[in-house]
Amino acid sequence: MKDMLNTIYTEMRGDPLVSQYPIKYYDYPEAAPKETFVLIKPLSPPTAAFGASDKELAQQLTYQIDVQSGDRMLCKQIQQAIKKHMYSLGFSQLSEGLDEFFSDTKRYADARRYRTVTQLYDVDY
């Protein structure tokens, strides 16, 4: 079985800019230090993109990647690096996302969503 979440994580760990900061899955604990971090979240389980004769032929995978930091430009630089890696993995960016400053925590958040459809017969996710 393939694990796209781990594939994305491994790809990010190979980037010198992104790998300086913690990369977490699903959720970042509230008690975590107020530092820059990257959060990878699946937005849905893998779903059938194409089918024929009662068989899935390809799957659609959708992820959101959040970057939070006290430095707005650092969020943007990290997201730019992430975008290049996601494109190299076959993902394209969706129009939804978040570009926000949270005044209560004094942190910037840049969240972008990415989607891919696997190659035919690549359905083991």
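Bear in mind these aren't lab numbers, they're just calculated from the coordinates by the rules spelled out. Since the structure is predicted, the reported quantities are computational estimates derived from the model, not experimental observations. Reconstructed Cβ throughout: ideal geometry from the backbone, glycine too, with neighbour counts over all protein chains shown.
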*Answer label for volume of the Cα convex hull per residue in Å³ (calculated), chosen among (i) 107; (ii) 475; (iii) 280*: (i)
*Find the relative contact order for the chain and round it to a whole percent, using C-alpha pairs within less than 8 Å whose residues are 6+ positions apart.*
26
*In what sequence do Thr118, Thr36 fall when counting other Cβ within 10 Å, fewest first?*
Thr36, Thr118
*Calculate, in nm to one decimal, what Asp71 and Leu57 gain on full extension: separation in residues at 0.36 nm each, minus their alpha carbon distance.*
0.7 nm
*Can you sort Asp110, Asp124 by how many other beta carbons sit within 10 Å, fewest first?*
Asp124, Asp110
*Dipole-positive endmost among Leu74, Thr105, Ala52 within region 4-117 (Cβ charges, Cα centre)*: Leu74
*Would you order Lys76, Lys34 from fewest to most other beta-carbon atoms within 10 Å of each residue's own beta-carbon?*
Lys34, Lys76
_Positive-end residue of Tyr21, Leu39, Leu5, charge dipole of the chain with Cβ unit charges_ = Tyr21
_If I stretch the segment between Gln119 and Ser103 completely, what's the gain in nm (0.36 nm per residue apart, minus their alpha carbon distance), one decimal?_
1.5 nm
